[in-house]
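K.L.:
Please read through the structure below; I'll follow up with questions.
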Amino acid sequence: MKKILVLGSTGQIGMALKKDLTKWCEATFLNRNDLDFADIESLSAKLKDFKPDFIINSAAYTDVDQAEEFQENAFQVNSFAVEKLSKLANSIGAVLVHFSTDYVFDGKKNTPYTETETPNPLSIYGKSKLEGEQFVEKNCSKFLILRTCGVISKNNDNFVSKIKKLSKTKKELSVINDQITAVNFASYISEATSKILKKIEDNTENENRWGIYHMSGGESGSWFDFAKYAQKINALSYPDSSFSQIKILPISSIEFNQKAKRPNYSFLTSDKLKNDFDISLPNWEKSISEVIG
Ligand SMILES: NC(=O)c1ccc[n+]([C@@H]2O[C@H](COP(=O)([O-])OP(=O)(O)OC[C@H]3O[C@@H](n4cnc5c(N)ncnc54)[C@H](OP(=O)(O)O)[C@@H]3O)[C@@H](O)[C@H]2O)c1
């Protein structure tokens, strides 16, 4: 039975992975208390004990706006710790599966980004994540970098939970309509990741599919589209709730003025995932329905 170590077990993807991985492998999940990325050296002893075949890193500094202010923390978690993690994983022959983001791109295009396109992040978060990717590519012979976008889930802090919460105290909600991306249910990402690992579990020495993969549903939309659709689905079950009643208005990125600059277009094509592993994720409408339903 394959052994998998998951880092970031309290996050949206980390929590979803618990459900999928425990069905078919021996999985150990570490949270921040077990392993703080500020002290990643302590992972060495844990790796020697557990000897994982795969390490999945779903831990990250994910607050895009706060990262502008707390740059050191963002780089520590998303970059420097990943440098050490990638060296450790390689030294024990483990496959490193590392999550990354559409925010590595600058959004100057208006057609879907492929894995071969050159990143040019606009924010500290994007820069720190790109550096992490580069360490994984440099240090690991067996790795998967899974770039996804707009992760949402039922419980954690995410776009859908945030707008629902805001609707309790506001009468109108302005949502950005000129940043085009997608949202993806954490459980879909987890299922896809688990399927990939199953597909390569017995063949890691001869495997040649290592590299970067984009992992998202096949349709794009704006945050305004996502908010309006979430409201529509919510109104079917809870027509009188504050979220069903609130007025959702479009606003431009310039007017909204977020602390961190985001790409205007960062939709990822996941054709490579489909071609190499025959895996595709449902579109953003399904993701929102899962989270709202
Ligand atoms: N969220 C998104 O919209 C989004 C979009 C694109 C890509 N991604 C990528 O997808 C991956 C997972 O995202 P997610 O949404 O599941 O993230 P999340 O819900 O924000 O969870 C992040 C995880 O990282 C852990 N963490 C943060 N700082 C840590 C530290 N110093 N030491 C140890 N653990 C630490 C958190 O622990 P605590 O619970 O203790 O804080 C939590 O378990 C990340 O690589 C992220 O960059 C996310």
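The values are calculated or read from the model by the stated rules, or taken from the named source; none is laboratory data. Owing to the predicted nature of the structure, the values given are computational and were not obtained by experimental measurement. No Cβ is skipped: glycine too gets one built from the backbone with ideal geometry, and neighbour counts run over all protein chains shown.
K.L.:
Kindly indicate the residue of the range 137-170 that is among the basic types (Lys, Arg) and outside any helix (DSSP H, G or I) and also surrounded by the most Cβ atoms within 10 Å (Cβ to Cβ) among those meeting that condition.
P.N.:
If we filter the range 137-170 for residues that are among the basic types (Lys, Arg), which is where we start, we get 138, 142, 147, 154, 162, 164-165, 168, 170.
Going one step further and asking which of them are outside any helix (DSSP H, G or I), we end up with 142, 147, 154, 168, 170.
On the way: Lys142: 18, Arg147: 25, Lys154: 17, Lys168: 10, Lys170: 13.
Selected residue: Arg147.
K.L.:
In the set Lys87, Lys142, which member is touching a residue at least 40 places away in the same chain (Cβ under 8 Å), away from the ligand (no atom under 15 Å from the Cβ), over 20 Å from Thr193 (Cβ atoms) and not acidic (Asp, Glu)?
P.N.:
One residue alone meets the criteria, Lys87.
K.L.:
Let me ask something additional. Filter the range 37-52 down to residues that are at pLDDT 95 or above and out of contact with any Leu (no Cβ under 9 Å at 6 or more places or on another chain), then give me how many there are. Explain how you work it out, then say what you get.
P.N.:
Restricting attention to the range 37-52, the residues satisfying the condition of being at pLDDT 95 or above are 52.
With the extra rule that they be out of contact with any Leu (no Cβ under 9 Å at 6 or more places or on another chain), the set shrinks to none.
Final tally of qualifying residues: 0.
K.L.:
Shifting gears a bit: Output the number of residues of the range 171-196 satisfying the condition of being more than 20 Å from Asp102 (Cβ to Cβ), at pLDDT 95 or above and not in a strand (DSSP E or B).
P.N.:
Initially, the range 171-196 is screened for residues more than 20 Å from Asp102 (Cβ to Cβ), giving 171-174, 194-195.
Imposing the further condition that a residue be at pLDDT 95 or above reduces the set to 172-174, 194-195.
From what's left, not in a strand (DSSP E or B): 194-195.
The total comes to 2.
K.L.:
Any chance you could count how many residues in the range 61-84 are near the ligand (Cβ under 9 Å from one of its atoms), among the aromatic types (Phe, Trp, Tyr) and under 17 Å from Glu137 (Cβ atoms)?
P.N.:
Here the count works out to 0.
K.L.:
Look through the range 49-60, keep the residues that are touching a residue at least 12 places away in the same chain (Cβ under 8 Å) and more than 15 Å from the ligand (Cβ to nearest atom), and return whichever of them is nearest to Gly132 (Cα to Cα).
P.N.:
Phe54
K.L.:
Ok, one more. Pick from the range 21-42 the residues that are away from the ligand (no atom under 13 Å from the Cβ) and buried (at least 20 other Cβ atoms within 10 Å of the Cβ): which of them is nearest to Ala186 (Cα to Cα)?
P.N.:
For the range 21-42, the residue satisfying everything is Leu21.
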